[in-house]
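A short worksheet on the structure shown next.
The values are calculated or read from the model by the stated rules, or taken from the named source; none is laboratory data. Just so it is clear, the structure is predicted and the values come from calculations on it, not from any experiment. We place every Cβ from the backbone using ideal geometry, glycine too, and count neighbours over all the protein chains shown. The accessibility values were calculated without ligands, DNA or RNA, using every heavy atom of the protein model including side chains. Shrake-Rupley method; radii C 1.70, N 1.55, O 1.52, S 1.80 Å.
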Amino acid sequence: MFCNNCGHRNPVGANFCSSCGAPLTGAMESTTVTFLPLEGSAEAGEEEVSVTVPELPFGIGVLLVRRGPDAGVRYPLESDVTRAGRHPESDIFLDDITVSRRHAEFLRTAEGYTVRDVGSLNGTYLNRERIEEAKLAPGDEVQIGKFKLLFVVGSSEG
């Protein structure tokens, strides 16, 4: 009997894999199979969430949740420091176990916007690369836990 978890061959009648400890299913037991969407197919759905840049105030950065429980929500970055995390008092409250209580900060300066990881467990990603601190450009994707946020900047004077 082979383990469905690690592929190790186990003696017939064993209840648990001797290699990884996973429970072994008998020949007569039914097995439940779960199919999850592929990463590529999920990304195709992300394009449905959109924002028109002229709607935004001039020079103000906005994070748009493209993927995650709050898809479509906008977070304007109007303060000099905007904190994101799972802590209820965060400026950007991302309620998911994959997000640290104090996860990242978005800094606004005269030169533009910067994202900084503040010691999170799962890291902060900019365009799929883990970062400690990086400058943001319009169209960048910031990932915090399972939340994918699109960064845009308003270009309309009102």
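Worth pointing out:
- Which numbered condition V51 misses (of (1) open to solvent by 40 Å² or more (accessible area, probe 1.4 Å); (2) modelled with pLDDT under 65; (3) in contact with a Leu (Cβ under 7 Å, 6 or more places away or on another chain)): (1)
Rundown of residues vs (1) modelled with pLDDT of 95 or more; (2) small (G, A, S); (3) over 20 Å from R86 (Cα atoms); (4) in contact with a Lys or Arg (Cβ under 7 Å, 6 or more places away or on another chain), yes/no style:
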residue: Y113; (1), (2), (3), (4): yes, no, yes, no
residue: D117; (1), (2), (3), (4): yes, no, no, no
residue: L121; (1), (2), (3), (4): no, no, no, no
residue: L126; (1), (2), (3), (4): yes, no, no, no
residue: R130; (1), (2), (3), (4): yes, no, no, no
residue: A134; (1), (2), (3), (4): yes, yes, yes, no
residue: G139; (1), (2), (3), (4): no, yes, yes, no
residue: I144; (1), (2), (3), (4): yes, no, no, no
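- Subset of the range 57-93 [part of a strand (DSSP E or B), open to solvent by less than 60 Å² (accessible area, probe 1.4 Å) and of a type in the set (A, V, I, L, M, F, W, C)]: V62, L63, L64, V65, L77, V81, A84, I92
- Meets criteria (touching a residue at least 12 places away in the same chain (Cβ under 8 Å) and of a type in the set (F, W, Y)) for F151: yes
- Of the strands (runs of 3 or more DSSP E) lying entirely inside the range 94-158, those containing at least 2 residues that are surrounded by 19 or more Cβ atoms within 10 Å (Cβ to Cβ) and in contact with a strand residue (DSSP E or B) (Cβ under 6 Å, 6 or more places away or on another chain) are 104-109, 112-117, 124-126, 141-144, 147-153.
- Residue satisfying all of: in the range 61-83; β-branched (V, I, T) and under 17 Å from L136 (Cα atoms); nearest to the chain's Cα centre (by Cα) among these: V65
- Test: residue in the range 123-144 that is small (G, A, S) and touching a helix residue (DSSP H, G or I) at 6+ places or on another chain (Cβ under 9 Å): no
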